[in-house]
Amino acid sequence: MQVYIGGANNGKRAYVRQLVVEQEVQWIECADNKDLPKANAQTIVLAGVEAFVEHHINSPEERVIQDFMKTLNTYRAQSDVILIVTENGRGIVPIEAETRELRDRFGRLCQQIFKEATNVTRIWYGLTESLK
């Protein structure tokens, strides 16, 4: 499983699109899907993972992380998986409580994802840096 992380509009999706241009790809935008669909391609690209957390902000955090990781592991069992994650912290604490909760939950989900990832790459203004 590969993960690409970086700031908003820093070239993550464009970079991944060039990586998978020759592959059969199911591109899943989390912003458009409250519930993740079944895998149906050789490569799954799961983009905007932070939106999944936002869709489920009123659900218990443990259940959200558990459900996401279960689906992710199902994808991994049958497909190559690439995740695109927008970094949303960088040490800045949001003023609004709900925004802080979203940032914190997303951070804890990312810890689980990154722990299981084989490769983690940061993309910052189009430049790549291997983190793992």
Computed label-point distance, nm, for sites Asp67 and Tyr125 using a 7 Å Cα→Cβ extension: 3.9 nm
For the chain, calculated [θ]222 nm from helices alone, where every DSSP H run of n ≥ 4 adds -39500 (n - 2.57): -13000 deg cm²/dmol
All aspartates and glutamates inside 19 Å of Lys34 as judged from Cα atoms, apart from same-chain residues fewer than 8 positions distant: Glu50, Glu54, Glu61, Glu62, Asp67, Glu98, Glu101
Pair-distance profile P(r), taking every C-alpha pair of region 24-90, with 5 angstrom steps and integer %: 4, 17, 28, 26, 16, 7, 2
Dipole magnitude (debye, nearest 20) for the chain, charges at Cβ of Lys, Arg, Asp, Glu: 280 debye
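Throughout, read-outs are computed from the coordinates displayed, never taken from laboratory work. All figures in this text were calculated on a predicted structure; none of them were measured in a lab. Note that each Cβ is placed from the backbone with ideal geometry, even for glycine, and that neighbours are counted across all protein chains shown.
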